[in-house]
Amino acid sequence: QQQVKQSPQSLIVQKGGIPIINCAYENTAFDYFPWYQQFPGKGPALLIAIRPDVSEKKEGRFTISFNKSAKQFSLHIMDSQPGDSATYFCAASINSGYSTLTFGKGTMLLVSP
Amino acid sequence: DSGVTQTPKHLITATGQRVTLRCSPRSGDLSVYWYQQSLDQGLQFLIQYYNGEERAKGNILERFSAQQFPDLHSELNLSSLELGDSALYFCASSVGGQGVYEQYFGPGTRLTVT
């Protein structure tokens with residue numbers, strides 16, 4: 001059973017565009033939502049994370065929007081660059097006990113020059 | 001560089017064999033996590049150790065086992081290998097155990113079962 005659904009599977013945008021990646025979760029106990037970025041041949045790296053007490057968080061060109069009632073969150077990349085081409089994973093976790101990350105299946109982003 | 005090291009980088013073996021993957025966490029991190037990444041299943045959590053003790057278990061097969069040693073390095077043992085076990089195996093580490101801590105991922109071990 002997939003608890004975090006991510007879309008789209010792949011995305012192509014032109015340089016300067018704003019790619020948007022969406023995730024939806026089912027478990028209402030989730031209260032930590034990170035995004036990971038993975039380049040080919042590398043392990044995932046934490047990009048930005050949000051908790052459900054805020055609806056938006058910005059770090060540089062990366063913004064997470066969070067809609068608790070809809071159980072959805074999304075990643076926006078402003079002024080995208082070719083160097084942003086990577087696979088992006090959303091994830092969710094419960095901030096108590098020995099909780100673990102449940103990942104979406106990933107979105108392969110290509111930013112064309 | 002995350003500070004997490006994994007060996008070997010690549011591993012090719014035959015069905016039915018047994019392999020051991022090794023992970024050294026970042027200095028100071030007490031938790032180690034193992035993940036399997038495949039094209040169809042994405043990143044799947046396998047198991048977590050905190051300071052030598054198993055703390056959380058995910059979709060880990062009975063043919064797989066792990067342990068964390070006193071020096072905090074961890075090993076993932078995969079036995080009776082099947083073609084479907086071919087995947088990237090990542091180790092991650094974090095400073096804490098309970099609650100949410102940033103996980104730092106290693107570069108992975110690519111396992112190919114022929």
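Structure above, values below:
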| read-out | value |
| --- | --- |
| Residue check, residue B:12 aliphatic (A, V, I, L, M) and in a loop (DSSP other than H, G, I, E, B) | no |
| Breaking point among (1) β-branched (Val, Ile, Thr); (2) touching a residue at least 24 places away in the same chain (Cβ under 8 Å); (3) in a loop (DSSP other than H, G, I, E, B), for residue A:54 | (2) |
| Filter result (under 25 Å from residue B:41 (Cα atoms), away from every other protein chain (no Cβ under 14 Å) and within 12 Å of the chain's Cα centre (by Cα)) within the stretch A:67-108 | A:72, A:73, A:74, A:75, A:76 |
| Only one of B:102, B:62 that is within 21 Å of residue A:101 (Cβ to Cβ), without any contact (Cβ under 8 Å) to a residue 12 or more places away in the chain and out of contact with any Cys (no Cβ under 8 Å at 6 or more places or on another chain) | B:102 |
| Filter pass, residue A:49 being under 12 Å from the mean Cα position of the chain (by Cα) and of a type in the set (A, V, I, L, M) | yes |
| Conditions (1) touching a residue at least 24 places away in the same chain (Cβ under 8 Å); (2) under 21 Å from residue A:36 (Cβ atoms); number of the one not met by residue B:13 | (2) |
| Residue ranges of strands (runs of 3 or more DSSP E) in the stretch B:25-114 with at least 3 members within 14 Å of chain A (Cβ to nearest Cβ) and surrounded by 22 or more Cβ atoms within 10 Å (Cβ to Cβ) | B:31-38, B:42-50, B:87-94 |
| The listed residue being in contact (Cβ under 8 Å) with a residue 24 or more places away in the chain, in contact with a strand residue (DSSP E or B) (Cβ under 9 Å, 6 or more places away or on another chain) and assigned to a loop (DSSP other than H, G, I, E, B), out of A:30, A:73 | A:30 |
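Just so you know, all these numbers are worked out from the coordinates, no wet-lab data involved. What you see is a predicted model; the values in this text were computed from it and never measured. Neighbour counts are summed over all protein chains in view; Cβ atoms, including those assigned to glycine, are modelled from backbone coordinates with ideal geometry.
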